[in-house]
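Undergrad: Could you have a look at this structure, given as structure tokens, before my questions?
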Amino acid sequence: MNNLNLIYPELFIGISLMVLLIIGVFKKNSFNLITKFTAFSLLIAIPMVYINDNVSVKLFSNNYIIDELSSFLKILILGSSAFALFFTNQYIKDNKIDQFEYPILIMSAILGMFVMISSNNLIGLYLGIELQSLSLYVLASLNRDSVKSTEAGVKYFVLGALSSGLLLYGCSLIYGFTGSTNYYIIAENFDSQNLGLIFGLVFILIGLAFKISAVPFHMWTPDVYEGAPTSVTAFFALAPKVAGFGAIIRILYVAFDNVFVEWQIILIFMSVASMILGAVAAIGQTNIKRLMAYSSISHMGYGLAGLATGINEGVSASILYIFLYVVMKIGSFACILIMKRKNIYVENIRDLSGLSKNHPVIALSFTVFLFSLAGIPPLAGFFAKFYIFMAVIKADLIALAVIGLVTTVISAFYYLRIIKIIYFDPEQEKFDSITSNGIKVSLTFSTLLILFYFLNPSILNYFVNIASKAVQ
Amino acid sequence: MDLPILTIVTFLPLIGAFFILLTKGDEKKVNQICFNVSLLTSSLVFILSLLLWNNFDPSSAEFQFVEEQPWIGDVIKYKVGVDGISILFVVLTSFITPICIIATSNSIKFRQKDFFIALLLMETMMLGVFCSLDIFIFYLFFEAGLIPMFLIIGIWGGIRRVYSAFKFFLYTLFGSVFMLIAIIFIYLKAGTTDIQELLKFDIDTKYQYWLWLGFFTSFAVKTPMWPVHTWLPDAHVEAPTTGSVILAAILLKMAGYGFIRFSIGFFPVASHYFAPLIFTLSIIGIIYTSLVALMQKDMKKLIAYSSVAHMGFVTIGIFAFNSQGIEGSIFQMISHGIISAALFLSVGVIYDRMHTREIADYGGVVNTMPKYSIFFMVFILASLGLPGTSGFVGEFLVLIGVFKVNYLVSLLAATGVVLSACYSLWLYRRVVFGEVTNDNVKSLKDINKFEVTALLPLLILIIVLGIFPNIILDTISTSVENVVTIYNAKISLLNQTNIK
């Protein structure tokens, strides 16, 4: 038990979650207080995780791992969630959905994600996923009075439960044929001739693909993104993707490392399908949240392309990709949250027209994010894609690289369309001036990072490389 | 000479753009400040680049003024330098930009501040393309230039500006992604992205063909070669005058430069193999676009198509693989850079007054604008390659170079010269001479001070270069000779191994 200090972050989040829940129950109108405390605890948890950054320890009979990968992703989750809390604060108050459950549910989802990332055991993985998903189902339907929001929640719940069932079924198959749920023992006993094990592998991959909304398990994404309150959508686009990637990296590169050939083709298929669907389906969208959903899908495709390589460069490229993806999405959603006229939030892309006249600075940073999402140099998004494709070509998957790069051209079209509306179209009535400091801080932070990443890419690459070495 | 002069030249416009970004206050005052700042920075860049040219040693084929800084990891470096091939493009870019800025004072009526920022950003990107000695950096600059150009066409363009801006962006991006794949592949095979080292490195013949095609897609779109030239007329027509000038004078030259530097330098075997493809596409391009140009009713579109035809000469000259051909191509690029800039500015002059580009709306302009007509005449004659103007030297050298390789190509290309005389002179006749049919033409005012300042340097340069072509040829000959020697050595090596 002398290693307990390594899971202080989890313990800390768990305890503060319960304490805050009790405060929330007994104190009326405590949304502000609890949001502040939640953000505060998330920020405190960052150094707690960071202290363990250089260790690689297996806990609880090899069933729970704290290593560089988990620490990196956990910091990313904590940071992005803290940002999400900051910049959605105003939105929640304006829409009168300021129940204290919102920050608490986010916190419990984060706890679930921590378990997902660190778990070295199928049961731990399942528990983490369920804790995360159940919190997210409730979050999606946070706006109880809105039909769309409840529908999103129910849809997410039904499909999510199905995918969890498939995941669990896969776990049981794996357990049945290898005799253990521990990743190391699974890796030892995995016999690629055994059809049952391959079925198990496929079911687990399906369950995880659903969580990161990779095609063909993406159907929930556009509806949930559109229906859920924007504050929740922003959160959906950030932390759960990171956790999903963490879980996928660990299970594929630890438990199923010996059967690389079996899952590589699945990953390539999902990656290609996500890139193509994400690029093509987004073209006709008029709702910016729906468009962001498709953009997320295509970005997950690029992330998966890096994982499909099976080499160290691929894993680090994917981790870097997911990091920069999160930064870009923080910025984009901060921009979406300023789309407010006379205290009513608008979501149509048309509403952005003439933004460059009314709010030049915001227009500029939104343009930076969009060009970066499209992967135009010298913005950070280009480097993210560059590393992915470098790994992909190194692994001799030239066709995947060609498809991937051609889809970037297609997806550039719909990002350009937004830029066109911002810059070329006649101006409309101004948006309300921004009062929330959270939005300002998030925008400044992410714009500067995306814009100036190219000055010294080595700093971030250094951390990413350390993280990716942990699973090799 | 420890001063990082190339870095200063490349990034000075960026600093200027940053200053413009910070200006605030009364709109009229801001516009004036922006104009002054951008004119100042771009002139400074021009002076520095002339200094660079002055200190350049033309007797050496090596890269000069090389600067090197580690950047990403151990391999990708920030490395810049110029040799005889690239230095003139640096000078051309820095020469055209101030002229563009002077010319904007008439044509850009709103959001001038943003315009100058975009223009200066554009200048940095273009200079970066020609200076970079690392293919990764080259790609960064090559692609990043799309952003300001997209905005220039889209915000300040004509009626169909959105369509044209999208077409321009997506075509170029589509071409470039294949180049990116090729660059990554080279990096993985050769372990370096340094152009100097790669020029010495022999890339395995079996990969060369695919890699060559990767680079080709990008450069063919940018040149533009038939049949992927269709973005160019749209972009030219809808872009504001300044945008058209930048596009025609410099952006298209990036591709020609890329062909010489990368296609021949890295993949000599593949270049040799694919030369007939280039010849065919270029010949079709020259003849077809010249015929199309004859039919145009829109002045800008006519000049745009003539650009495609003139760039056809550039590509066949490059792939003749002898010193006359390549020298001719470089000369043609420089001279076309000046002439097309001059033609677009001339069209801009009357467009600003009449707000129509239809040829039929003009006629008899000479009656009200005699000075302008002289300028326009010199530019038109230069464009069709009259001896004594710079247009002649390039085309002539190219035709000699190609004749040595394939007389049929040379013959067909020469018909392009005749056709270019047809459409240019016909355009001139319809616009400048003839009866005055349109009442607006009667009230035209002749060119003002600003316009003369923009057009006169171009006019002088066209004639000076036509009479003293050695100004350019002396600078480039050693480097071109070097390119040709290396190419021949590699090809003869290949033939020897094939015989064995």
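Taken together, the values in this text are just the output of simple stated rules run on the coordinates, not laboratory data. Just so you know, these numbers come straight off a predicted model, no measurement behind them. All Cβ positions, glycine included, derive from the backbone under ideal geometry; neighbour counts span all protein chains shown.
Undergrad: Sort A:194-207, B:351-364, A:217-230 by packing, meaning the average of other beta carbons within 10 Å per residue, with the highest value first.
TA: A:217-230, A:194-207, B:351-364
Undergrad: Take the Cβ-Cβ distance between B:D474 and B:K449 as r, set R0 to 45 Å, and report the resulting FRET efficiency rounded to the nearest 0.05.
TA: Result of the calculation: an efficiency of 0.85.
Undergrad: From a point 7 Å beyond the Cα of B:E435 in the direction of its Cβ, which residues of the stretch B:336-366 have a backbone N at a distance under 11 Å?
TA: none
Undergrad: When every alpha-carbon pair in the protein assembly as shown is counted, what percent end up more than 59 Å apart?
TA: 15
Undergrad: Skipping prolines and chain starts, which residues have an amide H placed within reach, meaning under 5 Å, of the one on A:Y64, given they are 5 or more residues away or on another chain?
TA: A:L59, A:N120
Undergrad: Hey, got the dipole for the protein assembly as shown? About the Cα centre, +1 on K and R Cβ, -1 on D and E Cβ, debye to the nearest 20?
TA: 1980
Undergrad: In addition: Under the rule of at least 5 residues apart or a separate chain, name every residue whose amide H is placed under 5 Å from the amide H of A:A470.
TA: Those lying under 5 Å, H to H, from A:A470 are A:L69.
Undergrad: Okay, next question. Would you work out the Kirkwood radius for chain B? I mean one over the mean of 1/r across all pairs of different Cα atoms, in Å.
TA: When all Cα pairs of chain B are included, the Kirkwood radius is 22.7 Å.
Undergrad: Let me ask you something else. If Rh is defined by the Kirkwood formula over all Cα pairs and Rg also comes from Cα, what ratio Rg/Rh do you get for the stretch A:1-125?
TA: 1.02
Undergrad: Would you mind calculating the relative contact order of the stretch A:125-179 from Cα pairs under 8 angstrom and at least 6 residues apart, reporting the percent as a whole number?
TA: 30
Undergrad: Among the aspartates and glutamates, which have Cα under 12 Å from the Cα of B:K253 when same-chain residues fewer than 8 positions away are ignored?
TA: none
Undergrad: What is the sum of charges around B:I99, taking Lys and Arg as +1, Asp and Glu as -1, for the other residues whose C-beta is under 13 Å from the C-beta of B:I99?
TA: So the environment of B:I99 carries a net charge of -2.
Undergrad: For the stretch B:153-221, what are Rg and Dmax over the alpha carbons, in angstrom?
TA: 16.3, 49
Undergrad: Can you work out ³J(HN,Hα) from phi for every residue in the stretch B:319-328, in order, using Karplus 6.51 cos²θ - 1.76 cosθ + 1.60 and θ = phi - 60°, giving whole Hz and x for Gly and Pro?
TA: With the stated coefficients, the stretch B:319-328 comes to 8, 7, 6, 10, 5, 4, x, 6, 4, x Hz.
Undergrad: Go through B:K77/B:K200; B:K28/B:K445; A:K58/A:K241 and tell me which ones have a Cα-Cα distance over 20 Å in this structure.
TA: B:K28/B:K445; A:K58/A:K241
Undergrad: Something else about it: May I ask which residue of A:W263, A:F40, B:Y372 lies farthest towards the positive end of the charge dipole of the protein assembly as shown, with charges of +1 (Lys, Arg) and -1 (Asp, Glu) on Cβ and the Cα centre as origin?
TA: So the residue we want is B:Y372.
Undergrad: Right, something else. So which trypsin sites (Lys or Arg not before Pro) in the stretch B:21-83 end up in coil per DSSP with only 15 or fewer other C-beta atoms within 10 Å?
TA: B:K24
Undergrad: Still on this model: So how tilted is helix B:268-294 from the main axis of chain B? Cα-based, degrees 0 to 90, rounded to 10.
TA: Tilt relative to chain B: about 10 degrees.
Undergrad: Hand me the trypsin sites (Lys or Arg not before Pro) from the stretch A:322-387 located in a DSSP loop with no more than 10 other Cβ atoms within 10 Å, in residue order please.
TA: Listed in order of number, the matching sites are A:K342.
Undergrad: Taking 51 Å as R0, compute the FRET efficiency from the Cβ-Cβ separation of A:N258 and B:I374 and round it to 0.05.
TA: Rounded to the nearest 0.05, the efficiency is 0.05.
Undergrad: Using alpha carbons only, how many degrees (0 to 90, rounded to 10) separate the axis of helix B:112-131 from the longest principal axis of chain B?
TA: That helix lies at roughly 30 degrees to the long axis.
Undergrad: Put +1 on the Cβ of every Lys and Arg and -1 on every Asp and Glu Cβ in the protein assembly as shown; which of A:L208, A:Y102, B:I85 then has its Cα farthest towards the positive end of the dipole?
TA: Final value for the positive-end residue is A:Y102.
Undergrad: Quick one: helix B:390-405 against the long Cα principal axis of chain B, what's the angle to the nearest 10°, folded into 0 to 90?
TA: 30
Undergrad: Which distance in Å, rounded to a whole number, links the C-alpha centroids of the stretch B:343-370 and the stretch B:11-48?
TA: The stretch B:343-370 and the stretch B:11-48 have Cα centres spaced 30 Å from each other.
Undergrad: Residue by residue, what Karplus-based ³J(HN,Hα) values in Hz, rounded to whole numbers, does the stretch B:180-196 have, using 6.51, -1.76 and 1.60 with θ = phi - 60° and x for Gly and Pro?
TA: Once rounded to whole Hz, the list reads 4, 4, 4, 5, 4, 5, 4, 4, 6, 7, 8, x, 8, 10, 6, 5, 4.
Undergrad: For the protein assembly as shown, what is the percent of antiparallel DSSP beta bridges, rounded to the nearest 5?
TA: Antiparallel bridges make up about 100 percent of those DSSP assigns within the protein assembly as shown.
Undergrad: Explain nothing, just the number: dipole magnitude of the stretch A:1-159 about its Cα centre with +1 on each Lys and Arg Cβ and -1 on each Asp and Glu Cβ, in debye rounded to the nearest 20.
TA: Once rounded to the nearest 20, the dipole reads 400 debye.
Undergrad: For A:K340, give me every one of the lysines with a C-alpha distance below 23 angstrom, ignoring sequence neighbours fewer than eight places off in its own chain.
TA: A:K93, A:K96, A:K148, A:K289, A:K329, A:K357, A:K420, A:K430, A:K440
Undergrad: Projected area of the stretch A:156-215, taken from the Cα convex hull and averaged over every viewing direction, in nm²?
TA: 4.2
Undergrad: Inverting the mean 1/r over all pairs of different Cα atoms, compute the Kirkwood radius of the stretch A:4-469 and quote it in Å.
TA: Roughly 22.1 Å, rounded to one decimal.
Undergrad: Please compare each pair in B:K113/B:K371; B:K222/B:K301; B:K29/B:K113 to a cut-off of 20 Å on the Cα-Cα distance and tell me which ones are over it.
TA: Cα-Cα > 20 Å for B:K113/B:K371; rest within.
Undergrad: Once the dipole of the protein assembly as shown is set up with Lys and Arg at +1 and Asp and Glu at -1 on Cβ about the Cα centre, which of B:L133, B:G175, A:S295 lies farthest towards its positive end?
TA: Final value for the positive-end residue is A:S295.
Undergrad: Which ³J(HN,Hα) values, rounded to whole Hz and listed in residue order, are derived for the stretch B:41-48 from phi using the Karplus coefficients 6.51, -1.76 and 1.60 in 6.51 cos²θ - 1.76 cosθ + 1.60 with θ = phi - 60°, glycine and proline given as x?
TA: Ordered by residue, 3J(HN,Hα) equals 4, 5, 5, 4, 4, 5, 4, 4 Hz.
Undergrad: Note down the magnitude of the dipole of the stretch B:5-499 about its Cα centre, charges +1 on Lys and Arg C-beta and -1 on Asp and Glu C-beta and zero elsewhere, to the nearest 20 debye.
TA: Around 1140 debye, computed over the stretch B:5-499.
Undergrad: Here's something else I'd like to know. Tell me the net charge near A:I198. Cut-off is 10 Å between Cβ atoms, A:I198 excluded, with +1 for each Lys or Arg and -1 for each Asp or Glu.
TA: -2
Undergrad: Whole angstrom only: what separates the Cα centroid of the stretch B:417-477 from the Cα centroid of the stretch B:172-186?
TA: 38
Undergrad: Apply 1/(1 + (r/R0)^6) to the Cβ-Cβ distance of B:K200 and A:D94, taking R0 = 56 Å, and write down the FRET efficiency to the nearest 0.05.
TA: Efficiency computed from Cβ-Cβ geometry: 0.30.
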